[in-house]
1. What distance in nm lies between label points placed 7 Å from Cα along the C-beta direction at residue 128 and residue 144?
2. First check a/c for segment 4-44, with a ≥ b ≥ c the square roots of the eigenvalues of its C-alpha gyration tensor; if it is under 1.5, answer rounded, and if not, answer prolate when a/b is larger than b/c or oblate otherwise.
3. Just the number please: accessible area per residue for the chain, 1.4 Å probe, all protein chains included, in Å².
4. Extension gain residue 89-residue 104, at 0.36 nm per residue separation less the Cα-Cα distance, in nm?
5. Can you tell me how the chain classifies by the Cα gyration tensor, rounded, prolate or oblate, using a/c under 1.5 as the rounded cut?
6. As a check on your grasp of the helix formula, calculate [θ] at 222 nm for the chain: sum -39500 (n - 2.57) over DSSP H runs of n ≥ 4, divide by the residue count, round to the nearest 500.
7. Got the relative contact order for the chain handy, in percent, Cα pairs under 8 Å and 6 or more residues apart?
8. How many percent of the accessible area of segment 1-95 is carbon or sulfur, using a 1.4 Å probe?
Amino acid sequence: MHAWDPDEVAVMEALRDWAIGFTELNHHLAEWLRLPTSDAQALAQIVWAAQAGAPLSPTALAQRIGMTTGAATVLLHRLQGAGLVSRSREDSDRRRVTLRPTPTALAQSRAFMQAAGAEIGDTLRHSRTEDLRTATALLGALNEAVTRGIHRLHARRDGRAGGSQTLPPGQAG
């Protein structure tokens, strides 16, 4: 492993700070909505996807929030029961379920973003397009690197090929 240069360290520290801030915003969203944090995080993903014109399936939601499909199903039942999410079959393939935020969920999410997200929106709107594209490319590459590392660790844990790297001394495999 190479020594990290100051610019690489600065990027990793900025990402850590963003992750901490984003986590805190998720906790505030949960309080705002009077939901468990995991439910608020899931609802936020459903709202973002629907607003982007690409509503999620339950399986895609589970992947986005790092849950098993079974755990996500239980969570979705809670969100439906709270009147915040609806499921529909709007594709030509009637087997595909699509998740949509209800008008109540959209209104509550918009109110939260107005209260908490104005600075983030302003920062993005006032950023140069080339800076946004550079940030997106770097974050995409880092996400791919994280995914490869996670797959390698899973393979190592499960005794499959590709996970043969050794752990530091004193750590069990």
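The values are calculated or read from the model by the stated rules, or taken from the named source; none is laboratory data. Keep in mind that this is a model prediction, so the values were computed, not measured. Ideal geometry is used to build each Cβ from the backbone, glycine not excepted, and the neighbour counts take in all protein chains shown. Remember, those area values only see protein heavy atoms, side chains included, never the ligands or the DNA or RNA. Shrake-Rupley method; radii C 1.70, N 1.55, O 1.52, S 1.80 Å.
1. So the label points at residue 128 and residue 144 sit 2.4 nm apart.
2. Numbers: a/c = 5.73, a/b = 3.86, b/c = 1.48.
It comes out prolate by the Cα gyration axes.
3. Details: 11940 Å² over 173 residues.
Value returned for the chain: 69 Å² of accessible area per residue.
4. Details: separation 15, 0.36 × 15 = 5.40 nm, distance 2.05 nm.
Fully extending the segment from residue 89 to residue 104 adds 3.4 nm.
5. On the way: a/c = 1.96, a/b = 1.31, b/c = 1.50.
Oblate shape, in that a/c is at least 1.5 and b/c is the bigger or equal ratio.
6. On the way: 7 runs with 116 residues, N = 173.
So the calculated ellipticity at 222 nm is -22500 deg cm²/dmol.
7. Numbers: 120 pairs, mean separation 23.7, N = 173.
RCO, the chain: 14 percent.
8. Numbers: 3480 of 6070 Å².
The computed percentage sits at 57.
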